[in-house]
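Read the figures in this text as sums done on the coordinates, not as results from a lab. If you're wondering where the values come from, they're calculated on a predicted model, not measured in any experiment. Methodologically, a virtual Cβ is constructed for each residue, glycine included, from the backbone with ideal geometry; neighbour enumeration extends over all protein chains shown.
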Amino acid sequence: MLATMYCTLISSVAGLQQALCASDVSKCLLQELCQCNMKEDDCPCCQDCMLCLGSLWDQCCSCVGLCSETKGSRKHAARRSSLEVLPMPLPSLFQSLSELQGDAAMDWNVHTLPVTKELSQQSHLDHILLGAHTGVPAESSVNTSSICTVMYFKSCMSMRRCHETCEFTGSSRYRWFHNGCCQCVGPDCYGYGSKEPLCQQCHPKGVLIAGEADTK
């Protein structure tokens, strides 16, 4: 799956960024050189990732969530996110798990939003699409009374763990915010889920960045 990843920034430079970063980001992710947590000034994998990306580091570090953040920009970083389609969604499993949200032992919370609000994110500049994404339908072609259901895990986790966890929940996509908040997007959503990082216990002092070592 990682071998076929490409990174697309939803912005006016989307085409350029995709052309610059696609194959190199995929290669570095496949070699597991860019998957770690960055806290404050500590980034255990940044050197290896930087060597792997070479001259493309400055342009492509945002694709793996490893760009340096100043204190003044951390709030913005928390709102940036990476999204990827999951290969085998199981709607019945996701629905069953989402119905358990009232159980205090569960490590997630369920959030719902109108699909009209979800679809309005087509112009949102702060999410990065990983892998192949089908086009999001026009609002006029969907049932505007439908509800999109997403699942937020309470604690911070790495991008890889978010990917794996959302697969286990039967989600159709995962959305990993660059502060470590993980959102599993339900099969009744049309593509993006919610753009808000609403993980209850995920408010690190530094920006938690893509990787393997979780805070959980």
Worksheet entry | Packing-based exposure ordering (other Cβ within 10 Å, fewest first) of Ser120, Ser81 | Ser120, Ser81
Worksheet entry | Cβ crowding within 10 Å averaged over residues, with 177-189, 53-65, 82-94 ranked highest first | 177-189, 53-65, 82-94
Item to complete: Report ³J(HN,Hα) in whole Hz for each residue of region 114-120, in order, from the Karplus equation J = 6.51 cos²θ - 1.76 cosθ + 1.60 where θ = phi - 60°; Gly and Pro get x.
Response: x, 5, 4, 5, 5, 5, 5
Worksheet item: For Arg173, what is the net charge nearby, where nearby means another residue's Cβ is under 15 Å from its Cβ and Lys, Arg count +1, Asp, Glu -1?
Response: -3
Worksheet entry | Rounded to whole Hz, the Karplus (6.51, -1.76, 1.60) HN-Hα couplings of region 166-180, x for glycine and proline | 5, 4, 5, 8, x, 5, 8, 8, 10, 10, 10, 7, 7, 9, x
Discussion item. Amide H of Tyr174 versus every other amide H placed in the peptide plane: which residues, excluding those fewer than 5 positions away on the same chain, fall under 5 Å?
Written reply: Glu84, Leu86, Val185
